[in-house]
């Protein structure tokens, strides 16, 4: 049976801190869907979006809007309310993944380890005294920490801290992006990302991608400057560990209720145990993102895979 | 864990990573620069970029010129041209420079692809890695980028409300000489400085020339804003006072439209010859079509009247910005420019304009952090605000949002006061301003 030609609207851009990343992801998605034979338009969502959806009536919407509104479930809720078929999880699941502390809690309850952490709204420092809170944090978690905004992506506002002196500034940097911060004990080992796909036949993990940033920190710069990071696909881990990580990624995907396409990030400790870091409901698909590498390593063309996801969404 | 996957080999997404020239080391994406992507959205009030308000240019002035070019000179406009530029346009450029007291020969004018290209060519001609370029503190970020790309040693010289400080220039030269560093030229923007907004006073101009002449230092005078004065005309150009020691750069980007990408250099004869050869090597020739369009525009349109109209637009916006700063941010310091596009704002010492930018994006306002205008990472307690593009109403909205940003940042810093150093990591960004097409 010939592949039906769908009218697909890719949403990319928005007004979050990750606009640039989203625009890049959107272009890549559009290219793959065009290659698959669909009619594709890229739309930067703004006040005209829902009128446009009413008029254009696309068969499928592909939200590639990273950052707030795109990943916090707001846009997906509104697409649901408008009766639009889209590629992506339900809003409630996106919200769970977007909120890093909540995702960690749920994943831990599902039996997967995650670094010990403390979640602190900025108000906690004001209410309980910043010096006291910082002291309690370092007593509890030590000085080797990762400080990140509790919501957000692309490592924006993330700091690695190795001494108490650096902690106050790291807190300020995280709160500059969002009013709640996640303070995690730093996990050491092999950093990996696992892309999980569900084209309707159930979630499956694509080959595990190992990430080796040139300066040791997978920062914004390491993510989006080609050559700043070396990737190994599959990761340089034993078959047994690779299988365990893949399985853990699918468990996370299902635990959070993610769908279609997700990326789950782990550190593999020296015993081969996957330590969950975070889940991405709308993973980056830029030229330098790990998900396209995983897709390529799976032996399936991105156009074939995205075509399957779009066809599935059209029947939603 | 020891049983590693045998088939896996590293993938580097840039196979040419080891091949790049040393001078490209600063050319990379950064977290701060990526934030400027939102500037193109209408919800965001951008006080960041320097895009002229070309909507103030009547359509018929431009379309008339374009029609005539295609009707009367189509084949010439679509063809390669002289590497030095269209002679008739160079004649007109002499007329424009005469407004600021400059006399010269049409043979010594070189038309370039924006004055930015002239800046690049001059730097290419003179700078070996490690050579000193003296620049104002702060200086135009596009010039700093070029000087960096030729691996110049960029030395900042203090400015005050009357522009470059002669005593500071003397001191900087002495320091360089003491350190055995060769100084190749002084780069200066004497009128309505970008980003400083100040103008070099008439009294100081001969002193700057005398100092440079005494030390055998060439002056590169960049004057894109000189005709955009709000009150009184600017003093005579440095080039008007010295035709041997000054290369003058001019541009149609601010007085007409940047889309044509036409600027020029007026250089001493020997330098001019090398400039033309360097320009031909770089781009063969500047756009014939753009040059002829501007030639037609200058011939037929009331271009002085149009500049007067631009002045009115920018004066109103300057007033709106100063008024909004007085209303919403009276605790900050700023200058009141008498022309050009920019206000240079001083922040309290505890605030860092670069570190604060994500908060500004959240509040839908953008500015350019002061660090963009220094080669040495300083400028963190300053920001450049542009009044050229947003409407007066939007300028007020933008400054009000900026007040919210500053209040939020101060509250946050206050929360952590006394817990340790709150000094931000200086980072490695070399380009922390919006790309030219965003505003």
Exercise. Return a yes/no flag: does segment A:226-237 have any residue that is over 23 Å from residue A:73 (Cα atoms), within 17 Å of the chain's Cα centre (by Cα), surrounded by fewer than 20 Cβ atoms within 10 Å (Cβ to Cβ) and in contact (Cβ under 8 Å) with a residue 60 or more places away in the chain.
Key: no
Quiz item: Among A:227, A:216, which is the only one that is within 14 Å of chain B (Cβ to nearest Cβ), on the phi > 0 side of the Ramachandran plot and part of a loop (DSSP other than H, G, I, E, B)?
Solution: A:227
Quiz item: Taking the stated definitions as given, is residue A:180 in contact with a strand residue (DSSP E or B) (Cβ under 7 Å, 6 or more places away or on another chain), within 23 Å of residue A:18 (Cβ to Cβ) and touching a residue at least 12 places away in the same chain (Cβ under 8 Å)?
Solution: yes
Quiz item: strands (runs of 3 or more DSSP E) wholly in segment A:108-163 with at least 1 residues that are under 27 Å from residue B:362 (Cα atoms) and within 11 Å of chain B (Cβ to nearest Cβ) - which ones?
Solution: A:145-149, A:159-161
Quiz item: Of the residues B:332, B:266, B:347, which is within 27 Å of residue B:76 (Cβ to Cβ) and at pLDDT 95 or above?
Solution: B:266
Quiz item: Could you list, in sequence order, the residues of segment B:148-162 that are out of contact with any helix residue (DSSP H, G or I) (no Cβ under 6 Å at 6 or more places or on another chain) and not in a loop (DSSP other than H, G, I, E, B)?
Solution: B:148, B:153, B:156, B:159, B:160
Quiz item: Right, residue A:71: within 11 Å of chain B (Cβ to nearest Cβ) and either surrounded by fewer than 21 Cβ atoms within 10 Å (Cβ to Cβ) or not in a strand (DSSP E or B) (or both) or not?
Solution: no
Quiz item: Does residue A:264 satisfy the criteria of being facing another protein chain (nearest Cβ under 10 Å), buried (at least 22 other Cβ atoms within 10 Å of the Cβ) and touching a residue at least 60 places away in the same chain (Cβ under 8 Å)?
Solution: no
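Which one is nearest to residue B:78 (Cα to Cα), of the residues in segment B:270-287 that are touching a strand residue (DSSP E or B) at 6+ places or on another chain (Cβ under 7 Å) and in a helix (DSSP H, G or I)?
Within segment B:270-287, the match that is nearest to residue B:78 (Cα to Cα) is B:279.
Conditions tested, residue by residue: (1) modelled with pLDDT under 95; (2) outside any strand (DSSP E or B).
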| residue | (1), (2) |
| --- | --- |
| A:245 | no, yes |
| A:249 | no, yes |
| A:252 | no, yes |
| A:258 | no, yes |
| A:263 | no, no |
| A:266 | no, no |
| A:272 | no, yes |
| A:277 | no, no |
| A:287 | yes, yes |
Exercise. For residue A:189, work out the one condition from (1) in contact (Cβ under 8 Å) with a residue 60 or more places away in the chain; (2) farther than 17 Å from residue A:276 by Cα; (3) within 12 Å of another protein chain (Cβ to nearest Cβ) it doesn't fulfil.
Key: (2)
Self-check item: Within segment A:6-32, considering residues that are in contact with a strand residue (DSSP E or B) (Cβ under 8 Å, 6 or more places away or on another chain), in a helix (DSSP H, G or I) and surrounded by fewer than 24 Cβ atoms within 10 Å (Cβ to Cβ), the one nearest to the other protein chains (Cβ to nearest Cβ)
Solution: A:27
Self-check item: Selected residue [surrounded by 21 or more Cβ atoms within 10 Å (Cβ to Cβ), farther than 17 Å from residue B:359 by Cα and under 20 Å from the mean Cα position of the chain (by Cα)] from B:387, B:374
Solution: B:387
Quiz item: Conditions: (1) farther than 22 Å from residue B:11 by Cβ; (2) at the interface with chain B (Cβ under 9 Å from one of its Cβ atoms). Residue A:256 meets all but one. Number of the miss?
Solution: (2)
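The values are calculated or read from the model by the stated rules, or taken from the named source; none is laboratory data. Keep in mind it's a predicted model, so treat the numbers as computed, not measured. Here the Cβ is made from the backbone with ideal geometry for all residues, glycine too, and neighbour counts use every protein chain on show.
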